[in-house]
Structure formats: C-alpha cells, structure tokens
Amino acid sequence: EVRVPVTADLDADDLVIKGEYADFLERTRLDELLPGRKIEFTSAGGYRRLLEQIAVHRYFMGLERKRPIAEDEAVLGWYYDLYRPLVTIIREQHILSDFPGRTETDLYLWIMDHQHFLRERLGPGVSLEQAAAHFARHYSARRSRRLLHTVQEIVGGDDAIG
C-alpha cells in the first residue's frame, strides 16, 4: 500500500516528485493527521523545503511554549499557522489563475520566499497579503497583469508593495 498513487502516464520528473511526496508524507504523517489535504508541487525539491520549514516552525513553537514540541504538533502548527493562511490568501486574491499549470503549494513556497526577500529589503512589516499581491503583480504569467504592473510603475515611479 502506497500513500501516493502512481499511474502509468507519469514521466520521470513526475515520478521524482511523487517519490518526494511519499517521503514527505512518511515523515510528517500529514495524510493521517489531516486526511484529504493535498500538498502538491509541480517540480522537484519543494517537499525538502517544507520539511525545513516545519523544523524551523517546531523550534520557534518550542521557544514560545517553553517545552519540547512533538513532530505531529509541529506539522499541525505549520499547516494551520503558515500553510493554510497563505493558501487562503492565494484563493482570495485569485493568484493561482495567474500561474497556469502550477499548484497552491508551488505558490505557497514562492510567496514565502518572496516575503522573506521583501522583508530583507523593506523591513519586517511586510505581511503575507502584501507579499502575495506583490508576487502576483511581478511574476504573473498573464500578460495583462504584467502590463498593468509596468504601467503602474511608470506612472507611479516606484515599486511599492501595497
């Protein structure tokens, strides 16, 4: 019995991603802790990064709560404190439609990276909502979104995140 279904139409890249997903589920037990939730990437390497995020989240949970944090508690904390709030923003801002062929999990990781970049550049006050909107304006696959952003930059003369 496998946690990640494999079909005959998968190519080599898909198999690598499925293997990483199986390892992720084995390590986190997310499929058992939150049945029906899917955390899917379209390219390899993302699951390792999620495991790193969960480990960091576990560390900070332990500092905040002044006690050791169990693996399952860390996984659930990461999901409810970090992953789900950003996926909600992605849905509310309809960002996924700007990135055809990608998943909410792809965008989650990219926007988290983008927020880190913006915070280093602009300070710690950059919210997830701001980072998501800024990311969509700058990297959308839709020409109309990129054109609108370019016009706004020319007229506004700045690269504000708000």
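Can you name the residue in region 92-130 that is among the aromatic types (Phe, Trp, Tyr) and modelled with pLDDT of 95 or more and is also surrounded by the fewest Cβ atoms within 10 Å (Cβ to Cβ) among such residues? Walk me through how you get there before you give the answer.
Initially, region 92-130 is screened for residues among the aromatic types (Phe, Trp, Tyr), giving 99, 108, 110, 117.
Within this subset, residues satisfying the condition of being modelled with pLDDT of 95 or more are 108, 110, 117.
On the way: TYR108: 24, TRP110: 18, PHE117: 14.
For region 92-130, the residue satisfying everything is PHE117.
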> If THR88 passes every condition in (1) open to solvent by 20 Å² or more (accessible area, probe 1.4 Å); (2) in a loop (DSSP other than H, G, I, E, B); (3) modelled with pLDDT of 95 or more but one, which one does it miss?
Replying inline: (2)
> Name the pairs whose Cβ atoms lie under 6 Å apart, with the first residue in region 1-27 and at pLDDT below 75, the second part of a helix (DSSP H, G or I) and of a type in the set (A, V, I, L, M, F, W, C), and 6 or more positions between them or separate chains?
Replying inline: ARG3/ALA22; ARG3/LEU25; VAL4/ALA22
> Can you spot a residue in region 55-65 that is small (Gly, Ala, Ser), under 16 Å from the mean Cα position of the chain (by Cα), over 23 Å from ARG102 (Cα atoms) and surrounded by fewer than 17 Cβ atoms within 10 Å (Cβ to Cβ)?
Replying inline: yes
> Exactly one of (1) out of contact with any Lys or Arg (no Cβ under 7 Å at 6 or more places or on another chain); (2) of a type in the set (D, E, K, R); (3) surrounded by 13 or more Cβ atoms within 10 Å (Cβ to Cβ) is unmet by ASP72. Its number?
Replying inline: (1)
>> Checking the condition in contact with a Phe, Trp or Tyr (Cβ under 6 Å, 6 or more places away or on another chain) and either of a type in the set (Lys, Arg) or within 14 Å of TYR108 (Cβ to Cβ) (or both), which residue from ILE54, ILE39 passes?
In response: ILE54
> Out of (1) in a helix (DSSP H, G or I); (2) open to solvent by less than 20 Å² (accessible area, probe 1.4 Å), what's the single condition that is false for LEU51?
Replying inline: (2)
> Which condition does ARG27 not pass, out of (1) open to solvent by 90 Å² or more (accessible area, probe 1.4 Å); (2) within 13 Å of ALA132 (Cβ to Cβ), if it passes all the others?
Replying inline: (2)
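Quick one: count up the residues across region 30-48 that are farther than 14 Å from LEU76 by Cβ and surrounded by fewer than 17 Cβ atoms within 10 Å (Cβ to Cβ). Walk me through it before giving the result.
Step one: filter region 30-48 for residues farther than 14 Å from LEU76 by Cβ, giving 36, 38, 40-48.
Narrowing the set further to residues that are surrounded by fewer than 17 Cβ atoms within 10 Å (Cβ to Cβ) leaves 36, 38, 40, 42-45, 48.
Here the count works out to 8.
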> So SER43 fits all but one of (1) in a helix (DSSP H, G or I); (2) in contact (Cβ under 8 Å) with a residue 60 or more places away in the chain; (3) of a type in the set (Ser, Thr, Tyr); what number is the exception?
Replying inline: (1)
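The values are calculated or read from the model by the stated rules, or taken from the named source; none is laboratory data. What you are looking at is a predicted structure, and each value in this text was computed from that prediction instead of being measured. Backbone-built Cβ (ideal geometry, glycine too); neighbour counts: all protein chains shown. The accessibility values were calculated without ligands, DNA or RNA, using every heavy atom of the protein model including side chains. Shrake-Rupley method; radii C 1.70, N 1.55, O 1.52, S 1.80 Å.
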